[in-house]
1. Taking 8 Å as the Cα distance limit and 6 or more residues as the minimum spacing, I'd like the relative contact order of the range 2-220 as a percentage.
2. Once amide H atoms are placed 1.01 Å from N in the peptide plane, what residues at a sequence separation of 5 or more from S23, or on another chain, have their amide H within under 5 Å of its amide H?
3. T124 to H2: FRET efficiency via 1/(1 + (r/R0)^6), r the Cβ-Cβ distance, R0 22 Å, to the nearest 0.05?
4. Assign unit charges at the C-beta atoms only (+1 for Lys and Arg, -1 for Asp and Glu), then state the dipole size of the range 2-220 relative to its Cα centre in Debye, rounded to the nearest 20.
5. Go through 104-113, 24-33, 150-159, 128-137 and give me the packing order, highest mean Cβ count within 10 Å leading.
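Coordinate-derived values only; no laboratory data. None of these values were measured; they are calculated from a predicted model. Cβ placement follows ideal geometry from the backbone for every residue including glycine, while neighbour counts extend to all protein chains displayed.
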Amino acid sequence: MHEQYRQQIQEKLKTLIKPEQKSVLCLGDPLPALQQMCQEQNKEWVHVDTLNAQWRDLSRDQPEFELPLPAKHFDLLLVYHALEQALDPERLLLELRKYLQPEGEIYIVAYNVGHISTIINLLTEGWAYQDDGALRHSHIRYFSNESLRKLIDQVGFEFVDEIVYQLQQLPVLSRQLAQVMKNPYLSILSFIMIGRKINTFPFIDYEDDVFKSMKETKAKE
């Protein structure tokens, strides 16, 4: 199931990347098919892991995180099942947003902790970790639709849209639980959240704006 999921998510992401998005900064699990498409279209593709694999450990105790990349350079920040592996997702996104140009966008792909399979796991196995999926062994953070929207807002992005990945075939027990609980997100395995970078207080880049203003003033003189 999960191999099929990865293939289908990549195909969906291919349709979401816009022609004007010429540079992509990718964080999280590899996306070989998507990377190949971008490279064939002469888009710049940079995977954070190849530059600094310590992003998972970013926290108050380890706040330093720098990439050898220019600020405000990338058109798209693609976060693919990375937030589930991060000690401090909010701090991580705040660090990465500085590499995104002012009108840049963020695509966050994350599993839905409220999916029916997770609930059944909790009821029957007491939250047993799995080899893949939302309860993968490397995951230490879990997200719902509401918490993802809140996170996007907290790190300086305007929510634009969401796309859901929904399993078409549910086991009998899953269908019965879904009918009883009447939760619209029970059958949603993961979300693709789309946000646009905002550049107003408190997320405005003061140093760059002041420097730009000084240059313009000198030019007028």
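1. About 19 percent, as a whole number.
2. So S23 has HN proximity to E44, D75, L76.
3. That pair, T124 with H2, gives E of 0.70.
4. 440
5. 104-113, 24-33, 150-159, 128-137
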